[in-house]
Amino acid sequence: MLAASLITLLTVGFRLGIGPFVKPIMADLGISRTDFSFIVSISMLVYGMGMPLTGWLLKRYSTRFVLISGTFITCGSIIWTIASTGMLSFLISFGILLSLGLSFISPVALTPIVNKWFIYHRGRALFYLTTGSMAGIAIITPLETFLIESFGWQNTLLLFMGIVMCIVIPSSIFVMREDVPLGADGNPQKLDVEKERELIAHPEITWKDAVKTRAYWQVVIGLFGCGFSMNLLGSHAVPMLMDHNFDPTTASFGVGIIGLVAIFSTLLLGSIADRYPRKNILFIIYFVRGLGFLGLVFAVTPWQLYLVGITGGLVWAGSTAMSSAILSDFFGVKLVGLLYGWAYFVHQIGGAIGSFLGGWGYEKLGTHIFAFGLAAVILMIAGVVSYKLPLKVTTPHKISNV
C-alpha cells in the first residue's frame with residue numbers, strides 16, 4: 001500500500017502540478033497560452049487513451065510489466081522534452097509520449113491490485129491510495145516552483161525522472177505481488193471463504209453487461225466532472241492566481257495547501273468509506289468541491305486563498321477512490337481494471353476540455369471566471385448524478401450490491 005501511494009504521489013502530483021511549468025516553457029519555446037493549453041489538452045487525451053490500454057495490459061500480463069514499461073517510456077520522453085526546441089517536438093515528447101508513459105504508472109495501473117488485496121476494507125484502502133495523489137499536489141506543486149526558479153524547468157524534469165526510476169522500478173520488482181492469499185485484509189479469522197470468493201470473482205458479469213447499465217455511466221459522468229476540474233486546477237490555477245496579482249510562491253502554496261489538507265481528510269474519509277453508502281460520500285465530495293472552485297477564482301487576498309484551500313482540501317480527495325470502489329462492488333475485481341480504464345478515459349476527456357478552456361477562455365474572454373465557474377457547475381451536476389446511483393445493479397446475469 002505504501003509503495004502504491006508513493007508511486008501515485010509522483011505521477012499524479014506531476015500530472016496535476018503542471019502549472020509552475022506553464023510560463024517558463026511558454027517563454028523558452030515562444031508559444032502562446034492557448035497553444036500550451038492545446039498541447040496539455042492533447043496530453044490529457046493521450047493519458048486517458050492509455051488507461052484502457054493499461055487495463056488490457058494488466059489483464060494480459062502483470063502489474064510489474066506495466067509499471068516498468070511505463071517508467072522507461074516516461075524517462076525517454078522526458079529526455080526528448082528537455083531537448084525540444086519547437087512546438088511540434090514538444091507536442092510529441094511532452095504531449096504524447098510522456099502522457100502515455102505516465103498512464104502506465106498511474107492509479108489505474110495500481111487500483112486492480114489494491115482491489116485484490118483489500119475486500120472488506122476496500123474503500124479505506126483506495127482512499128489511502130488517493131492520499132498519495134493529494135500528497136503529490138501538496139508537495140510537488142510548491143517543490144516544482146522552487147526547483148524551477150532555482151535550477152530551471154529542464155533540470156527539474158531531470159530530477160523527476162531520476163526519482164521515478166529509483167522508486168517505481170524497485171517497487172515493481174520487489175513489492176508488487178499478484179498472488180493474493182485469502183484473508184488479505186489482515187483479518188482472516190473474520191472472513192468467510194465463500195463470501196470472499198464471491199466478492200473477488202463475479203464470474204457471470206461481462207464488460208458488455210456492465211456498460212449497458214445506467215449506473216456505470218453515472219459513475220463515468222462523475223469522473224468527467226472530476227477530470228475537468230482537477231486538470232483545470234493543475235494546469236491553470238497557479239497562472240490564474242498569478243494573473244490575480246499573487247506572487248508565484250503564494251500561488252503555488254495556495255494550491256499546494258489543498259493537497260496538504262486533503263492528505264488528512266482522506267484518512268478521515270477512508271475511515272468511513274466502508275460504513276456509509278459510497279454514493280453519498282461521492283455526492284458530498286463533488287458538490288463541495290464545486291463551491292471551492294468559485295472561492296478559488298474570487299479570492300483576492302492570501303488569507304482568503306488559504307481559507308479556500310483549507311476548506312476545499314477537506315473534500316478534494318476520494319472521487320476516484322469511491323468511483324473505482326463502486327465499480328468493484330457492482331461488477332467485480334476482474335473487470336475493474338478494464339471498466340475503470342475506460343471510465344478514466346472519459347475523466348481525461350474532461351481534463352482535456354478543462355485544460356484547453358482554461359487557457360482559451362482567458363485569452364479570448366479576458367477572465368478566468370468562465371472556466372472556473374463552468375467547473376463549479378459541472379461538479380455540482382456530477383454530485384447530483386452520483387447521489388442518484390442505485391444501491392444495487394441488475395445485469396442480465398446477476399444482481400450486484402454496493
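Compute the distance in nm between two label points, each set 7 Å from the Cα along the Cα-to-Cβ direction, one at residue 28 and one at residue 276.
4.5 nm
Which order, highest average first, do 56-64, 290-298, 94-102 follow once you tally other Cβ atoms within 10 Å for each residue and take the mean per peptide?
Top of the packing list down: 94-102, 290-298, 56-64.
Grab the Cα-Cα distance for residue 146 and residue 79, subtract it from 0.36 nm times how many residues apart they are, and report the gain in nm with one decimal.
The span from residue 146 to residue 79 would gain 22.0 nm if fully extended.
Can you list, largest first and rounded to whole Å, the semi-axes you get for segment 249-387 by taking the square root of 5 times each eigenvalue of its Cα gyration tensor?
28, 19, 12
Which pairs in the list 59/212; 59/116; 208/334; 279/388 are over 19 Å apart, alpha-carbon to alpha-carbon?
In this structure, 59/212 exceed 19 Å between Cα atoms.
Subtracting the Cα-Cα distance from 0.36 nm times the residue separation, let me have the gained length for residue 363 to residue 72 in nm, one decimal.
The span from residue 363 to residue 72 would gain 101.1 nm if fully extended.
Relative to the present Cα-Cα distance, how much length would full extension add between residue 214 and residue 159 at 0.36 nm per residue of separation?
15.4 nm
Please report Rg (one decimal) and Dmax (integer) in Å for the Cα set of segment 206-301.
Both quantities, over Cα of segment 206-301: 16.7, 53 Å.
Every read-out reported here was derived from the displayed coordinates using simple, explicitly stated rules and does not represent laboratory data. If you're wondering where the values come from, they're calculated on a predicted model, not measured in any experiment. So basically every Cβ, Gly included, is an ideal-geometry build from the backbone, and we count neighbours across all protein chains shown.
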